[in-house]
Amino acid sequence: MRFMSAFSTLALAALCMSCASSKAPLPVVSSLELPKYLGSWYEIMRLPNSFESGLTCVMAHYSLKANGDLNVVNSGHPQNSKGTVKTATGTAWIPDHKEPAKLKVRFFWPFSGDYWIIALDPNYQYAMVGAPSREYLWILSRTRSLPEATLQTLLKQANEQGFDTSKLIRTEQDCLD
């Protein structure tokens, strides 16, 4: 009986250890000039998520609040309804100013999520944002599309960082502003 109890304990411990996150730390860009990041971004690709399900022409707009946080307005058109726009407004902030590319974002209090900038064009023309869990990933651009070579470079980087790029959805950007 004692053997079974010890075996069960060891088996449970092994199972728990295998459930623990084995993901490598997610590297982020080394610097972020927040004023350059402000403005509108088109979503080029994303990992599927419930809050954007069925949306096309997805965009994010970032503006500075008086307290230094960011106002975040995400918008998208439901498929088959290009005239209607759905929006979600939230707040983003930098919890640790020693790591400015590791932001938190909140759309529904008290829940917040990681918004880590893992790639950023030197001229702030494209960005790749993800979460350390690897459950969320967005490729963003200042324009409705990215050159294919740039997109392939970002996809390779995302794959190397442990994201399942085979699940990425290309976001249609065929709506008029």
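Here, each number is a calculation from the coordinates, and none is a lab measurement. What you see is a predicted model; the values in this text were computed from it and never measured. Cβ atoms come from the backbone with ideal geometry, glycine included; neighbour counts cover every protein chain shown.
Annotations for the structure displayed:
- Distance from the alpha carbon centroid of segment 109-124 to that of segment 44-98 works out to 12 angstrom.
- Neighbour-count order for Glu52, Glu33, fewest beta carbons within 10 angstrom listed first: Glu33, Glu52
- Under the Karplus curve 6.51 cos²θ - 1.76 cosθ + 1.60, θ = phi - 60°, whole-Hz ³J(HN,Hα) for segment 106-115, x wherever Gly or Pro sits: 9, 10, 9, 5, x, 7, 9, x, 7, 9
- Candidate aspartates and glutamates for bridging to Lys86, where Cα separation is under 12 Å - those fewer than 8 sequence places away on the same chain excluded: Glu52
- Nonlocal amide H pairs with Glu172, under 5 Å, H built at 1.01 Å: Cys57
- Considering only Gln157, Leu38, Val28, the residue lying farthest towards the positive end of the dipole of segment 26-170 is Leu38, judged by Cα position with unit charges set on Cβ.
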